[in-house]
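Notes for the one structure printed next.
The values are calculated or read from the model by the stated rules, or taken from the named source; none is laboratory data. What you are looking at is a predicted structure, and each value in this text was computed from that prediction instead of being measured. Every residue, glycine among them, receives a Cβ derived from its backbone with ideal geometry; neighbour counts consider all protein chains shown. SASA here: full protein model, heavy atoms, side chains in, ligands and nucleic acids out. Shrake-Rupley method; radii C 1.70, N 1.55, O 1.52, S 1.80 Å.
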Amino acid sequence: MADNLPSEFDVIVIGTGLPESIIAAACSRSGLRVLHVDSRNYYGGNWASFSFSGILSWLKEYQENSDIVNESPTWQEQILENEEAIALSRKDKTIQHVEVFCYASQDLHEDVEEAGALQKNHASVISGNPTEAAHSAYQPSEDESLCTVSCEMPTEQTPSSDQETALEINDVEVTGEKEKRYDDKTHAKSASEEETSENVPIAEDTVLQPKKNRITYSQIIKEGRRFNIDLVSKLLYSRGLLIDLLIKSNVSRYAEFKNITRILAFREGRVEQVPCSRADVFNSKQLTMVEKRMLMKFLTFCMEYEKHPDEYKAYEEITFSEYLKTQKLTPNLQYFVLHSIAMTSETASNTVDGLKATKNFLHCLGRYGNTPFLFPLYGQGELPQCFCRMCAVFGGIYCLRHSVQCLVVDKESRKCKAIIDQFGQRIISKHFLVEDSYFSENTCSHVQYRQISRSVLITDRSVLKTDSDQQISILTVPGEEPGTFAVRVIELCPSTMTCMKGTYLVHLTCTSSKTAREDLEPVVQKLFTPYTETEIENEEVEKPRLLWALYFNMRDSSDISRNSYNDLPSNVYVCSGPDCGLGNDNAVKQAERLFQLICPNEDFCPPPPNPEDIIIDGDSLQSETSEFSVIPEANSETPKESTSLGNPEETSQ
Amino acid sequence: MSMEDYDFLFKIVLIGNAGVGKTCLVRRFTQGLFPPGQGATIGVDFMIKTVEINGEKVKLQIWDTAGQERFRSITQSYYRSANALILTYDITCEESFRCLPEWLREIEQYASNKVITVLVGNKIDLAERREVSQQRAEEFSEAQDMYYLETSAKESDNVEKLFLDLACRLISEARQNTLVNNVSSPLPGEGKSISYLTCCNFN
């Protein structure tokens, strides 16, 4: 295991977010020798997903604000006279204003730990039966970190802390009984959880009887590995660039997807379902016959709006929402089209943008189901990993927990020629892809970043209850005042493999105007009730209860011009972190653009040979291999010229 | 071979330290070869072999680590929809045995809890250099409730047996699941695969 890294590559990729991973896969697929490193011990950077214990240690890191300065061998002495170094950052500064609240009752005296949690210094005691082990608690080595998180709570939550303590005591008294019930449930789960398809009705579970069987914090901890909590909340447009790329490159074989089952809207204090497909419109109970006809007519027009310029040409100068008012649509329908289908706001889009967005939405409908969106099972964090697997299959070398101290630049040619890693090893390469967060303040001093406000909630039921409790929903809540941004809410059910049974995982996202909590808490309060305020047993509680909530701001480095970074050599390419948008087109476009700079005229992620074809003839494998090894040589010189010719952003000095 | 030409399809995933002979096991079984050198697996995602067991055609899709174990950087998604895991160590390498608990933790974290795990001690052709006794390995596998087998990819000892026994077990598990759950898929990923290559559903 203590292998040394090879000392020469064609491409070194630093960071394992989605764009970096796609580029790594594409380069490796085209025969380049790729080294792909990440300083963290997980894949994905800000695109990662975490189990519950994983997210706790992630946020602990940001709350502690620790300066991890483990002195590595000094690289300065390695820099020769004709070289310069660009030091990379040692600390991630992309996450801010992390706040966490726990509303579920906490039995702090109980030693709980996530079953099967991966910890560095964990004594390796694994009990007899692997299945049993998954349900039994371990030694409380993670306990301390839990305490720091939960102790935070009273200070953050001063107004209701009294109430909370009272509740806690209450719960401790019934712990025994509760635990028993809980045990039964987990066993039932291991038998049934894996077959919870949309069509299979699930036995009555906690969702239907929240009063009897409330989820406690220790249950969440124990079942922590059922959670896959995404740092970014996105969906795949079923005809978007990422789906096309996944299919074309065959990377789709590494992942599975679920359809978003419904589009929701929040109007006049109520959550309601938006009919968008033909079937939805016809089946809708909330629309009148007249409305159904209006909506169908309008949507049919949008599908091919370009063919009827006379219908919208006169309105090109006004906003989409003004345009909708001129159409034969009730206010109800205008709202649906504007916020839930075009997913824009009163002021943000003009008529043509709105029509385009509506058309795109309708175009994606029906490819895989009743809504235009797909979600990857186990979370968005799977996707970068799938591309990394593809890269590795074609020979790419992977190294997590591996940091890079600096880039070495040749003074004369102004090209980057190597990196120096944490062990002081110098690794030569022709191209360097660096994710934005790895650059130091010196490099980014002129960069103006935007921010994304994020919240992750664990709740006990859906925002809109229906017959099926396995719904995956997207809801857009328009900004309240001018200048505030619409909040995108994505609610995931357990069958997406991102949360434990009896809970829902809710992601909120918007462009930041203030801190994440300031931006998003008003929406959270509209849609949910804190667990503590709903103690009256007989009262029918309409809103879902919050069990746990996390807020944080993430730096948005998308759309930053390369010129904003100081003194980057032409063979150092910048990959941005996640953008705020719903789809992944931005990442794919960026990856393809950068790939074309490195490998001009190469096909971007062509389908790999079918494994079954290779098996049939052992010799074809050999020829395949040797063919690939020739490609890098042919390519190695060309990119230099074309980067300086073809890239308009290269003009900076 | 047409896509429908089998009764069962299972995904088997190999894990274990670098250099313990994972790729050799796969190639011995699927191609009858013992590759002398490494690195010949570029571009090969998984290998396929269809075997017949009691008159039923079983297609085994066997996935290798693609070298990501070298620096302990295996992607979680690698484990996700595996029906069986073959956890391999080298009987001539104590270190590869000592790492097993770490591998088991990864399995527990990322694999389905219905996954069948087999522990394999490879390289018994090098018996004179053995560092891990059979008894130790047996005790360990028993404690972890795993099946255990010693193999030689080089001499082809127990390689067929390893995969065929595993296939039998997978068939009987799949049958049981179908009976118990009355569903056609034994897999955790009940989601859709988006291409038409539906590699992970068995018919």
Can you give the accessible area buried between chains B and A, summed over both chains, with a 1.4 Å probe, in Å² to the nearest 100?
6000 Å²
Out-of-range pairs (alpha-carbon distance over 19 Å; input A:Lys93/A:Lys234; A:Lys258/A:Lys501; B:Lys22/B:Lys123; A:Lys248/A:Lys430):
A:Lys93/A:Lys234; A:Lys248/A:Lys430
Where the eigenvalues come from the Cα gyration tensor of the stretch A:319-430, what are the semi-axes √(5λ) of the equivalent ellipsoid, largest first, in whole Å?
49, 21, 12
Sequence of A:Arg29, A:Arg270 from largest to smallest accessible area, 1.4 Å probe:
A:Arg270, A:Arg29
Can you send over the carbon and sulfur percentage of the accessible area for the stretch B:6-174, probe radius 1.4 Å, protein chains only?
45 percent
If you count, for every residue in A:388-401, the Cβ atoms of partner chains within 10 Å of its Cβ, what is the mean?
6
Per-bin percent of Cα-Cα distances, the stretch B:7-84 [10 Å]
17, 50, 27, 6, 0
Checking rank on B:60-66, B:143-149, A:18-24, A:416-422, with mean other Cβ inside 10 Å and highest first, the result is A:18-24, B:60-66, A:416-422, B:143-149
For the stretch A:277-364, Rg(Cα) over 2.2 N^0.38 Å is 1.01
Heavy-atom accessible area per residue of the stretch A:291-433, all protein chains kept, 1.4 Å probe, expressed in Å², is 38 Å²
Suppose we keep just the alpha-carbon trace of the stretch B:6-174; what are its Rg and Dmax in angstrom?
14.9, 42
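Accessible area of the stretch A:277-364 with a 1.4 Å probe: how many percent of it is carbon plus sulfur?
55 percent
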Counting other chain Cβ atoms within 10 Å of each Cβ in A:375-384 and taking the mean gives 3
On a 1.4 Å probe surface of the protein chains, which of B:Arg169, A:Arg225 comes out largest in accessible area, and what is the full order?
B:Arg169, A:Arg225
